[in-house]
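Worksheet: the structure to be examined is printed underneath.
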Amino acid sequence: MKKILALIALSLTTSLVSVSASAHGPTPIKVDKSITIKAEPAKVWALVKDFGNMQKWHPAVTNTKLEKKGEDTFRTLTLKDGGTILEKLRSVDEADMKIRYEIVSSGLPFTDYNAFIVVKKGANAGESTVQWVGRFYRLYKLNPPIPAGQDDETATNTVNGIYDAGLAGLKKAAESSK
């Protein structure tokens, strides 16, 4: 009888562990991209930290509108496809050449997005290294089945596309106006 009770207890414990393990929802996703730019860090930083002029270097952005609400600064990015993204500036660190921001609302296939861009001196004279890091979740926060277009892969691919185009645009803007 003790063996049967022990087996039942073990079975229940195993079942509960597997149920709770699959019930946690999505895990955060991180995208971390870097690029080397043949321009002085101060010049690249001037482009990156200008929160109200992302259209100067990101090819998907046609217009940036800044708004102050109390102590907070927000920007609305108007995209070439007509969509908009509302972002909140979290901090600008001049000494470390690092800007932090978050997306407040957008039509993009991810949520809870927080990111930073940091500019550092490159390996060679007159070079900069720019790192862009974002953390976010897929759009669908419940457990499977996950609707098409709301999964981890879609979210990751979208952010990769934004970063790849943005870093290439930043490189072009910084290197072309020497």
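The values are calculated or read from the model by the stated rules, or taken from the named source; none is laboratory data. All values derive from a computational prediction rather than experimental measurement. When we count neighbours, we look across all protein chains shown, and the Cβ atoms used for this are built from the backbone with ideal geometry, even at glycine. To get the accessible areas, we keep the full protein, side chains included, count just its heavy atoms, and leave off ligands, DNA and RNA. Shrake-Rupley method; radii C 1.70, N 1.55, O 1.52, S 1.80 Å.
Build a GNM of the chain with springs between Cα atoms under 10 Å: which of ALA148, ALA168, ALA60 gets the top mean-square fluctuation?
Highest fluctuation among the options: ALA148.
Kyte-Doolittle cut-off -0.5, length cut-off 15 Å along the helix's own axis using Cα: show which whole DSSP H helices in the chain pass. Before the final figure, lay out each step's value.
Working: long enough: 2-22 (30 Å, 1.36); 152-176 (35 Å, -0.36).
Span-like helices, by this rule, are 2-22, 152-176.
For a protection proxy built on the mean count of beta-carbon atoms within 10 angstrom, sort 40-47, 155-162 highest first, please. Mind showing how you got there, number by number?
On the way: 40-47: 19.1, 155-162: 17.2.
Packing proxy ranking, top to bottom: 40-47, 155-162.
Enter the accessible area per residue of segment 27-83 (Å², integer; probe 1.4 Å; all protein chains in place). Each step should come with its number before you reach the end.
Values: 3110 Å² over 57 residues.
For segment 27-83, the per-residue accessible area is 54 Å².
Rounded to the nearest 500 deg cm²/dmol, what is the calculated helix-only ellipticity per residue at 222 nm for the chain, with -39500 (n - 2.57) per DSSP H run of length n ≥ 4?
Using -39500 (n - 2.57) per qualifying helix, the result is -10500 deg cm²/dmol.
What shape does the chain have by the C-alpha gyration tensor, where a ≥ b ≥ c are the square roots of the eigenvalues, rounded means a/c under 1.5, and otherwise prolate means a/b greater than b/c and oblate the rest? Mind showing how you got there, number by number?
On the way: a/c = 2.81, a/b = 2.20, b/c = 1.28.
Because a/c hits 1.5 or more and a/b exceeds b/c, the chain counts as prolate.
Remind me, relative contact order of the chain in percent, using alpha carbon pairs under 8 angstrom and six or more residues apart?
It rounds to 27 percent for the chain.
Placing +1 on the Cβ of each Lys and Arg and -1 on the Cβ of each Asp and Glu in segment 95-178, which of VAL104, THR158, GLY126 has its Cα farthest towards the positive end of the resulting dipole?
Result: GLY126, furthest along the dipole toward the positive end.
Over the chain, what percent of the accessible surface lies on carbon and sulfur atoms, probe 1.4 Å?
The nonpolar share, carbon plus sulfur, comes to 57 percent.
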